[in-house]
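A short worksheet on the structure shown next.
The values are calculated or read from the model by the stated rules, or taken from the named source; none is laboratory data. Predicted model only: the values in this text are computed from it and were never measured. Cβ: placed from backbone, ideal geometry, glycine included. Neighbour counts: every protein chain shown. Just the protein is used for accessible areas: all its heavy atoms, side chains included, with ligands, DNA and RNA removed. Shrake-Rupley method; radii C 1.70, N 1.55, O 1.52, S 1.80 Å.
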Amino acid sequence: MTHQVHAFEPPERFVAGTVGPPGERTFFLQARGGGRLVSVALEKVQVSLLAEKLEELLAEAQRRFGVDLPEAPVLVGDNDPLDTPVDEEFRVGTLGLAFDVDSATVVIEAIAAGEAEVEVELGDEEDDDQDDVEEPDEDLDRLRVRLTPEATREFIERARRVVNAGRPPCPLCGQPLDPAGHLCPRHNGYHR
């Protein structure tokens, strides 16, 4: 089976978004450009970590390479819903980040989850010339996006808004509140 690499270098639009009501949301990364639209599904925690790690990557690029970074956008950027149809190309298993110094761009790669769990073997000391990080299987589908620092900053802000737009947390235990309330462990199981 052949794999596909959906490359957007750069995309017209690259956003994180959701489909469904709070508590039942499915998270997506969506790229549009050149008449193509690609949506990949991932977990809420992956979106949150992606935003956090992109922020760290930009700070490191500024520190090490002197890249001029834009300030966080003051105005609300792209707040439009995901483009339709939202057809899941694949579910993301691995996210990769890189900074291309030559073009001063951020490269984000979302790699499909493999068929089976990847087993990590403890390597012998003889394998010092190989990296400790195993590369994902080359036969997996990928979404590769190249963004400017400004576009990356906008993506980070939107991703954070999307993650925080879910159910509000219980003020006592921090678990998400459903519209009908929830069984709060801090109230010995009584509805709140």
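Some observations on this one:
- Picking from residues in region 158-174 that are within 22 Å of Gly17 (Cα to Cα) and open to solvent by 50 Å² or more (accessible area, probe 1.4 Å), the one that is nearest to the chain's Cα centre (by Cα) is Arg160.
- Every pair of residues 6+ apart whose Cβ atoms lie under 7 Å, when the first sits in region 32-43 and is free of Cβ contacts under 8 Å to residues at least 40 places away in the same chain and under 12 Å from His6 (Cα atoms) while the second is outside any strand (DSSP E or B) and acidic (Asp, Glu): Gly33/Glu12
- Looking across Gly77, Gly96, one residue alone is over 16 Å from Arg160 (Cβ atoms) and of a type in the set (Gly, Ala, Ser). It is Gly96.
- Residues that are within 19 Å of Leu42 (Cα to Cα), assigned to a loop (DSSP other than H, G, I, E, B) and among the aliphatic types (A, V, I, L, M), drawn from region 141-189: Ala165
- For region 69-85, the candidate set comprises residues that are touching a helix residue (DSSP H, G or I) at 6+ places or on another chain (Cβ under 9 Å) and either surrounded by 10 or more Cβ atoms within 10 Å (Cβ to Cβ) or within 16 Å of Ala16 (Cβ to Cβ) (or both); within that set, the residue that is modelled with the lowest pLDDT is Pro73.
- Any hit, region 35-52, residues being open to solvent by 60 Å² or more (accessible area, probe 1.4 Å), out of contact with any strand residue (DSSP E or B) (no Cβ under 7 Å at 6 or more places or on another chain), farther than 18 Å from Arg161 by Cβ and not hydrophobic (A, V, I, L, M, F, W, C): yes
- Exactly one residue out of Gln30, Gln62, Gln4 is within 17 Å of the chain's Cα centre (by Cα) and either over 23 Å from Arg142 (Cβ atoms) or modelled with pLDDT of 90 or more (or both): that is Gln30.
- Of all the residues in region 137-192, those that are closer than 30 Å to Val106 by Cα and without any contact (Cβ under 8 Å) to a residue 12 or more places away in the chain number 1.
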